[in-house]
Amino acid sequence: MKNITVIGAGTMGNGIAHAFAQSGYSVNLVDISADSLDRAIDTITKNLDRLLSKEKISELDKNNTLSNISTNTDLTDAVKDADLVIEAATENIDIKLKIFKQLDEICDDNTILATNTSSISITKIGSVTNRNDKVIGMHFMNPVPIMKLVEVIRGKETSDSTTTTIMKLSKNLGKVPVEVNDAPGFVANRILMPMINEAILTLEENVSGVEEIDTVMILGMSHPMGPLHLADFIGLDVCLSILEVMHEGFKNPKYAPSKTLISLVSEGKLGIKSGEGFYDYSDGPRNKKISSQFK
C-alpha cells in the first residue's frame, strides 16, 4: 500500500492524514470544503512545528510529511489511485452509508474501504457495497499522531486477507492494532461511554461537582484526564451519538444517555470545540474553568 485517501478534514481526518504522511505514505486528503482543507493543513503544520520544537522530528521530516499530503474537493479524483480509503466524516450513519455506496462505485475493485467510526456497525456499512469483504474499521484515537492504539474492527464479511493487511499497515504507522469483532461501541467506547455517562449522572444527581468528579478519577483511578473533561475533549455531540448507537443496538437502558448530556448538546454546548461544555474554554483549551451552569 502506497496511496491513501482520507475523507474528512476535521480533527480525526487531519490527524490520520498526518500519521500516514509522516510514515512516508502518499496521502490525498479530501473534503467538500476548501476552507476545511486549508485549516487541516494549517493544523498539521502547527502540530509538526510542535514536534520539531521538542526535537522529536527534524526540519526534513516536517517538510517530507507536508510534501506527502495533497488536498482535493473532488472525491472521484481523490480516490482514483487509492490503495486504501479511510472515511473520517461525521459520526452519522446516513452520511457514512452514502459515502460508502459512492466509494464502491468509483474506487478500483481492489481498493480497501475503511471507516474511522467509533461505534457504527462495520457489517451494516459494508452491506451497501459489493465488496463487504474489503470493508473494515480503523478506529484511531485522538490525537492520532500521538495515540498508539488502533481498533481494527472486522465486519461479519470482512476477509482474513483484508484484516491482515490493515493490521500490518497499522504497525507500519508505529501503532498498536487490536483486532475487534463488530458490536456497538466495539471495545473502547463500549467501556468508556458508560463511564462518561455515569460521571454525568453522578453530577446530575448532585453527588459531587465537575472538578471533584474528575479529580477522583484522576487521583483515585490514575486516569490522565477526568471523564467530564474527556467528554468535552471528545465532543459531547460525539458522546451522545455513540451512546444512542449503543442504546439502540443493545436495547439496554443502561446505555441511555443522561438528560444533562442531551440538554447540553441541544444547547450547542459541545465541549472544547464549541468553547463550553462541563468546562468553559473561553480563555483557551489549556485554561479551562468550570462552566457557570455547574458552579
(message) Output needed for region 189-290: three equivalent-ellipsoid semi-axes, defined as square roots of 5 times the C-alpha gyration tensor eigenvalues, in descending order, whole Å.
(response) 21, 16, 12
(message) If neighbour count is taken as other Cβ atoms inside 10 Å, put Leu203, Leu219, Leu149, Leu243 in order from fewest to most.
(response) Leu219, Leu149, Leu203, Leu243
(request) Would you mind working out the magnitude of the charge dipole of the chain relative to its Cα centre, with +1 at each Lys and Arg C-beta and -1 at each Asp and Glu C-beta, to the nearest 20 Debye? (result) 540 debye
(request) Compare Lys156, Lys134, Lys56 in a GNM of the chain, Cα atoms joined below 10 Å, and give the one with the largest fluctuation. (result) Lys56
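For region 93-170, go through all pairs of different Cα atoms, get the mean of 1/r, take its inverse, and jot down that Kirkwood value in Å. List each step's numbers first, then the result.
On the way: mean 1/r = 0.0791 Å⁻¹.
12.6 Å is the Kirkwood radius here.
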(request) Go through region 99-115 residue by residue and turn each phi into a ³J(HN,Hα) via Karplus (6.51, -1.76, 1.60, θ = phi - 60°); whole Hz please, and just put x for glycine and proline. (result) 5, 5, 5, 5, 4, 4, 7, 9, 8, 4, 4, 8, 5, 7, 10, 10, 10
(request) Take Phe278, Phe294, Phe140 and order them by how many other Cβ atoms sit within 10 Å, fewest up front. (result) Phe294, Phe140, Phe278
(request) Describe numerically, in nm with one decimal, the distance between label points set 7 Å from Cα along Cα→Cβ at Ile93 and at Asp42. (result) 3.6 nm
(request) Would you mind putting 2-10, 256-264 in packing order, based on average other-beta-carbon counts within 10 Å, highest first? (result) 2-10, 256-264
(request) Enter the angle in degrees (range 0 to 90, nearest 10) between the Cα long axis of helix 236-250 and the first principal axis of the Cα atoms of the chain, meaning the one along which they spread out most. (result) 80 degrees
(request) Could you work out which residue, out of His223, His18, His247, moves most in a Gaussian network model of the chain, that is, has the largest mean-square fluctuation with Cα springs under 10 Å? (result) His223
(message) Would you work out the Kirkwood radius for the chain? I mean one over the mean of 1/r across all pairs of different Cα atoms, in Å.
(response) 19.9 Å
(request) Go ahead and set up a Gaussian network model of the chain, Cα springs under 10 Å, then flag whichever of Asn206, Asn63, Asn72 fluctuates most. (result) Asn206
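If you take every residue apart from Leu261 with its C-beta less than 12 Å away from the C-beta of Leu261, what net charge results, scoring Lys and Arg +1 and Asp and Glu -1? Present the calculation step by step, with values, prior to reporting the outcome.
Working: positive: Lys259, Lys269; negative: Glu198, Glu204, Asp232, Asp237, Glu244, Glu267.
Residues near Leu261 contribute -4 overall.
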(message) Can you work out the Karplus-derived ³J(HN,Hα) for every residue in region 127-136? Use 6.51 cos²θ - 1.76 cosθ + 1.60 with θ = phi - 60°, whole Hz, and x for glycine or proline.
(response) 5, 8, 10, 9, 9, 4, 6, 10, 10, 8
(request) State to the nearest 20 debye the size of the charge dipole of region 184-277 about its Cα centre, where the only charges are +1 on K and R beta carbons and -1 on D and E beta carbons. (result) 340 debye
(request) Determine the principal axes of the Cα atoms in region 133-226, then give the extent along each, sorted from largest to smallest and rounded to whole angstroms. (result) 51, 27, 17
(request) Compute the distance in nm between two label points, each set 7 Å from the Cα along the Cα-to-Cβ direction, one at Lys251 and one at Glu205. (result) 2.7 nm
(request) For Asp49, put the label point 7 Å out on the Cα→Cβ axis and report which residues of region 1-35 keep their amide N under 19 Å from it. (result) 11, 14-15, 18-19, 22
(request) Rank these for me by crowding, Leu192, Leu29, Leu84, going from fewest to most other beta carbons within 10 Å. (result) Leu192, Leu84, Leu29
(request) Positive end of the charge dipole of region 189-290 (Lys, Arg +1 and Asp, Glu -1 on Cβ, about the Cα centre): tell me which of Thr215, Pro227, Phe278 has its Cα farthest that way. (result) Pro227
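Coordinate-derived values only; no laboratory data. Everything numeric in this text was worked out from a predicted model, so none of it was measured. Positions of Cβ are backbone-derived with ideal geometry, glycine not excepted, and every protein chain shown enters the neighbour counts.
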